[in-house]
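Student: The structure under discussion is supplied below as structure tokens; questions concerning it will follow.
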2 protein chains.
Amino acid sequence: MAVTLHVCITCRAGETLGDGEPTPGSRLHKAIAEIGAPEGVNIVPIECLSACNNGCSVALSAPGRWSYVYGRMSEANARDILAGAAAYAAAPDGIVPWRTRPEVFRKQSLARIPPLSLPEAAE
Amino acid sequence: MAVTLHVCITCRAGETLGDGEPTPGSRLHKAIAEIGAPEGVNIVPIECLSACNNGCSVALSAPGRWSYVYGRMSEANARDILAGAAAYAAAPDGIVPWRTRPEVFRKQSLARIPPLSLPEAAE
């Protein structure tokens, strides 16, 4: 299944930027895009994931799956983010065993949101 | 459109609990459920929204809409959470004008995730 990796490109991650200086979010997106999307992953830049106190942030989502948001990311995490996205895409239900998630995903979760198709959602 | 308000019921919000003592998350869910769902809102308890450092947490989502996660909530916020959920349900696109969102939503956003049907998501 194709999954989406949203990367917040407006995030300043608490930095004071000079005129025209790229945001940490846009630098993170560039680093991720330069490595390139793994199979089944769409890399999508987005303006603000409203996780500004924990930027930079990225989100993984796909139809019928839990969505995940991770924060406090930087360009140094680009490869790990893509490895985590690839594992999410490859897992039949999007649920990657805890121990096989990249450490930055295990330690820097901001939130997860259930899919709308869960039986509970019909309550 | 019917929207879903997920309430994390496992959250301990940093508290040490005695045997059988209800979690802060379950107390928040009870307070919300007792007030009752506004029109168009389904209240759904969920085990862990992975926002443990910022619990208690709740999430709003609906097909084709941005999802929102809010944290550092308690029973005292139950009415505000429901007011925010009602506004989300009533907004045709789920985007509630900033100034009309409850203060706890304006100040305690953990993250938002774009809908998968955004044009960008097709990239």
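Student: With respect to A:R65, is the statement that it is within 14 Å of chain B (Cβ to nearest Cβ) and among the basic types (K, R) true?
Tutor: Working: within 14 Å of chain B (Cβ to nearest Cβ): yes; among the basic types (K, R): yes.
Yes, satisfied.
Student: Further, regarding this structure: B:A87: over 17 Å from A:A111 (Cβ atoms), under 12 Å from the mean Cα position of the chain (by Cα), in a helix (DSSP H, G or I) and away from every other protein chain (no Cβ under 14 Å), yes or no? Working first, answer last.
Tutor: Details: over 17 Å from A:A111 (Cβ atoms): yes; under 12 Å from the mean Cα position of the chain (by Cα): no; in a helix (DSSP H, G or I): yes; away from every other protein chain (no Cβ under 14 Å): yes.
No: the conditions fail for B:A87.
Student: Among the listed residues A:S67, A:S117, which satisfies the condition of being at pLDDT 95 or above, closer than 30 Å to B:A33 by Cα and not aliphatic (A, V, I, L, M)?
Tutor: On the way: A:S117 fails: at pLDDT 95 or above.
So the residue among A:S67, A:S117 that is at pLDDT 95 or above, closer than 30 Å to B:A33 by Cα and not aliphatic (A, V, I, L, M) is A:S67.
Student: While we're here: Identify all residues within segment B:7-63 that are in a strand (DSSP E or B) and either of a type in the set (S, T, Y) or under 18 Å from B:L110 (Cα atoms) (or both); write none if there are none.
Tutor: Kept after step one, since they are in a strand (DSSP E or B), are these residues of segment B:7-63: B:7-8, B:41-46, B:58-61.
Matches in segment B:7-63: B:V7, B:C8, B:I46, B:V58, B:A59, B:L60, B:S61.
Student: Then there's this: Run A:D80 past the list (1) in contact with a Pro (Cβ under 7 Å, 6 or more places away or on another chain); (2) on the phi > 0 side of the Ramachandran plot and report the number of the one that doesn't hold.
Tutor: If we test A:D80 against (1) in contact with a Pro (Cβ under 7 Å, 6 or more places away or on another chain); (2) on the phi > 0 side of the Ramachandran plot, just (2) comes out false.
Student: Moving to a separate point now. Based on this model, can you work out whether A:P115 counts as within 14 Å of another protein chain (Cβ to nearest Cβ), part of a loop (DSSP other than H, G, I, E, B), in contact (Cβ under 8 Å) with a residue 24 or more places away in the chain and of a type outside the set (K, R)? Outline the logic, then answer.
Tutor: Numbers: within 14 Å of another protein chain (Cβ to nearest Cβ): yes; part of a loop (DSSP other than H, G, I, E, B): yes; in contact (Cβ under 8 Å) with a residue 24 or more places away in the chain: yes; of a type outside the set (K, R): yes.
Against the criterion (within 14 Å of another protein chain (Cβ to nearest Cβ), part of a loop (DSSP other than H, G, I, E, B), in contact (Cβ under 8 Å) with a residue 24 or more places away in the chain and of a type outside the set (K, R)), A:P115 qualifies.
Student: Of all residues in segment B:34-52, which are touching a residue at least 12 places away in the same chain (Cβ under 8 Å) and either within 13 Å of another protein chain (Cβ to nearest Cβ) or within 17 Å of B:R112 (Cα to Cα) (or both)?
Tutor: Selection gives B:A37, B:V41, B:N42, B:I43, B:V44, B:P45, B:I46, B:E47, B:C48, B:L49, B:A51, B:C52.
Student: Out of curiosity, is B:L82 in a helix (DSSP H, G or I), under 10 Å from the mean Cα position of the chain (by Cα) and crowded, with 19+ Cβ neighbours inside 10 Å?
Tutor: Numbers: in a helix (DSSP H, G or I): yes; under 10 Å from the mean Cα position of the chain (by Cα): yes; crowded, with 19+ Cβ neighbours inside 10 Å: yes.
Yes, satisfied.
Student: Going residue by residue through segment B:94-105, is there one that turns out to be of a type in the set (S, T, Y) and under 14 Å from B:H6 (Cα atoms)? Steps first, answer last, please.
Tutor: Restricting attention to segment B:94-105, the residues satisfying the condition of being of a type in the set (S, T, Y) are B:100.
Among the residues that remain, those that are also under 14 Å from B:H6 (Cα atoms) are: none.
No; the residues of segment B:94-105 include none that is of a type in the set (S, T, Y) and under 14 Å from B:H6 (Cα atoms).
Student: Kindly check whether there is at least one residue in segment A:93-102 that is under 22 Å from B:V69 (Cα atoms), of a type in the set (V, I, T) and out of contact with any strand residue (DSSP E or B) (no Cβ under 7 Å at 6 or more places or on another chain).
Tutor: Yes, because at least one residue in segment A:93-102 is under 22 Å from B:V69 (Cα atoms), of a type in the set (V, I, T) and out of contact with any strand residue (DSSP E or B) (no Cβ under 7 Å at 6 or more places or on another chain).
Student: Here is a follow-up. Tell me whether segment A:14-27 contains one or more residues that are more than 13 Å from every other protein chain (Cβ to nearest Cβ), in contact with a strand residue (DSSP E or B) (Cβ under 6 Å, 6 or more places away or on another chain), over 18 Å from B:L116 (Cβ atoms) and among the hydrophobic types (A, V, I, L, M, F, W, C). Outline the logic, then answer.
Tutor: To start, the set of residues in segment A:14-27 that are more than 13 Å from every other protein chain (Cβ to nearest Cβ) comprises A:14-27.
Now restrict to residues that are in contact with a strand residue (DSSP E or B) (Cβ under 6 Å, 6 or more places away or on another chain): A:25.
Filter once more, so that each one left must be over 18 Å from B:L116 (Cβ atoms): A:25.
From what is left, the residues that are among the hydrophobic types (A, V, I, L, M, F, W, C) are none.
No, every residue in segment A:14-27 fails to be more than 13 Å from every other protein chain (Cβ to nearest Cβ), in contact with a strand residue (DSSP E or B) (Cβ under 6 Å, 6 or more places away or on another chain), over 18 Å from B:L116 (Cβ atoms) and among the hydrophobic types (A, V, I, L, M, F, W, C).
Student: Same structure again: Go through (1) more than 8 Å from every other protein chain (Cβ to nearest Cβ); (2) touching a residue at least 24 places away in the same chain (Cβ under 8 Å); (3) not aromatic (F, W, Y) for B:A76 and report which single condition fails.
Tutor: Only one criterion is unmet by B:A76, namely (2).
The values are calculated or read from the model by the stated rules, or taken from the named source; none is laboratory data. As the structure is a computational prediction, the values presented were derived from the model and not from experiment. Backbone-built Cβ (ideal geometry, glycine too); neighbour counts: all protein chains shown.
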